[in-house]
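One structure below.
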Amino acid sequence: MEDFFAIVIFIVFLGILFLINGLYINFMGKVTQNNIKKRIAKGKINDRKLIYFYKTADRNRKNKFLAFLAYGVFYRSFLNLNEGKYLLFKEEVERRGLINQI
């Protein structure tokens, strides 16, 4: 009986760790996206870097293997974060009229 309770407590502990990790991943993703927005708004990203970031985000936004390696069971969070970054860069590329240089 003691073994059963020990296993249940261990499973609950792992569940709490997964929950905390998931919340941390989402928080850091939002912080990263806000930092990107601020850098774009201040004009700190030149056209060449913006095109590079756009291409990189486009290439990695659907890469499930990389997502699984980086985030494990939270790979969907990674895909959503990359999709958000891609949309930020795409919007700025279109605003600056650089879409034809890609």
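A few points about this structure:
- Tabulated pairs, the range 47-74, first closer than 14 Å to Ile25 by Cβ, second of a type in the set (A, V, I, L, M, F, W, C) and assigned to a helix (DSSP H, G or I), C-beta under 6 angstrom, 6+ apart or interchain: Ala67/Phe78; Ala67/Leu79; Ala70/Phe78; Tyr71/Phe78; Phe74/Ile25
- Members of the range 66-93 found to be within 21 Å of Ile51 (Cα to Cα) and small (Gly, Ala, Ser), listed by number: Gly84
- Taken over the range 23-34, the criterion of being exposed (fewer than 13 other Cβ atoms within 10 Å of the Cβ), hydrophobic (A, V, I, L, M, F, W, C) and under 18 Å from Arg76 (Cβ atoms) is satisfied by Leu23, Phe27, Met28.
- The range 35-84 - residue that is of a type in the set (Lys, Arg) and within 20 Å of Asn21 (Cβ to Cβ) and, of those, least open to solvent (accessible area, probe 1.4 Å): Lys64
- Within the option set Arg61, Arg76, being modelled with pLDDT under 90 and touching a Leu at 6+ places or on another chain (Cβ under 8 Å) holds for one residue only, Arg61.
- Each residue in the range 85-102 was checked for being without any contact (Cβ under 8 Å) to a residue 12 or more places away in the chain, open to solvent by 70 Å² or more (accessible area, probe 1.4 Å) and more than 24 Å from Tyr24 (Cβ to Cβ), and 5 of them qualify.
The values are calculated or read from the model by the stated rules, or taken from the named source; none is laboratory data. A quick note: this is a predicted structure, and the numbers were derived from the prediction, not measured. A quick note on method: Cβ atoms are made from the backbone with ideal geometry, for glycine too, and the neighbour counts reach across all protein chains shown. Accessible surface is based on the protein model in full, side chains and every heavy atom, while ligands, DNA and RNA are left aside. Shrake-Rupley method; radii C 1.70, N 1.55, O 1.52, S 1.80 Å.
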